[in-house]
Structures are given as C-alpha cells and as structure tokens.
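The values are calculated or read from the model by the stated rules, or taken from the named source; none is laboratory data. Quick caveat, the model's predicted, so the values are computed rather than measured. Note that we place each Cβ from the backbone using ideal geometry, even for glycine, and neighbour counts take in every protein chain shown. For the accessible areas, the whole protein counts, side chains as well, though only heavy atoms, and no ligand, DNA or RNA atoms are used. Shrake-Rupley method; radii C 1.70, N 1.55, O 1.52, S 1.80 Å.
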Amino acid sequence: MGRIILALVAVLALAACTEQAPEITMQEQVPADQRTEAAAEGEAPAEGEAPAGDATWVAVDIDFESAPEALPAGETEITLVNNGAAVHNVTIDGNVIVEAQGGQTATGTVNLDPGTHEYICNVPGHEALMQGEITVE
Ligand SMILES: [Cu+2]
C-alpha cells in the first residue's frame, strides 16, 4: 500500500512541474525601417538620348536619328549626340556648327535668322542620308 501512495505522489509532482513549463515566444518581426533595400538612385537620362524639346541632333552611322524641326531665331546652343562610330557633324547653311567623334557628344552655337534652313552632315559621303530642314522663327 505504501508503494502505491509514493507512486501517486510522484506522478502528481511530475504533473505539477510540466504545468509550469515556461512559455517561449519568438519575436522575429523586423521593423520596416530596418529592412535592407537597395538605395533608390536618381534617374539620369539614358546616355545617348536627346532631351525632349532641346536643340539636339542625334547621329548614327549613317543617319540623323533625330533632329529638331524648329529652332528659335537668334543665338542657340545646339548639341550633337553621336551614337555612331564614324565622325559626324551638323552643318547649317554650309557652316559646320558642331562636330562629334564616334560615341561623343559635342555642342556648338549658331545664330539663325527666321526662315527655313538646311542642315547636313558634310563628312564626305554622308550628306545624301544625313540632311534635313529646320524652321527658325
Ligand atoms: Cu555624318
């Protein structure tokens, strides 16, 4: 009889112990401001693209990919973006205004009267494909 009572006491004691087992709570949430994210960088215009509305010619081999259709009268700075490998230039009314080596960008200044002006690239062999007109007002 004495052994049974001892055994019962032992079982009760065990049960009491397991009821007091500590609770373990995992807290793995990371605050939003501590998450690692790639730093946002300012977006520069893609290289080789003409800014909209600018007096910019974009040359390739062998063509003017884009060119302004109109320019203001008076002194204007123009930009030649040369995305080709060959040298190209912008020649307006027979005057070379700006020339850029392959892969380069250059600027030049022109003073235009109102009216229609012809532009070409006067590098030998280019004019047939690299020419157009701009309206100056
Ligand atoms: Cu050219």
For the range 97-111, name all the residues that are within 14 Å of the ligand (Cβ to nearest atom) and among the aliphatic types (A, V, I, L, M).
I97, V98, A100, A106
The range 9-104: strands (runs of 3 or more DSSP E) wholly inside it with 2 or more residues that are open to solvent by 80 Å² or more (accessible area, probe 1.4 Å) and either modelled with pLDDT of 95 or more or not basic (K, R) (or both) are 74-82, 95-100
Which condition number does V81 fail, the rest of (1) of a type outside the set (F, W, Y); (2) away from the ligand (no atom under 13 Å from the Cβ); (3) farther than 18 Å from T135 by Cβ being met?
(2)
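Every residue, every condition in (1) touching a residue at least 24 places away in the same chain (Cβ under 8 Å); (2) more than 11 Å from the ligand (Cβ to nearest atom), yes or no:
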| site | (1), (2) |
| --- | --- |
| V60 | yes, no |
| A73 | yes, yes |
| T91 | yes, no |
| N95 | no, yes |
| D113 | yes, yes |
| E118 | yes, yes |
| P124 | no, no |
| E127 | no, no |
Among (1) assigned to a strand (DSSP E or B); (2) of a type outside the set (G, A, S); (3) within 30 Å of the chain's Cα centre (by Cα), which single condition is H117 missing?
(3)
Would you check which residues across the range 66-106 are within 22 Å of the chain's Cα centre (by Cα), under 17 Å from I120 (Cβ atoms) and among the small types (G, A, S) and list them?
S66, A67, G84, A106
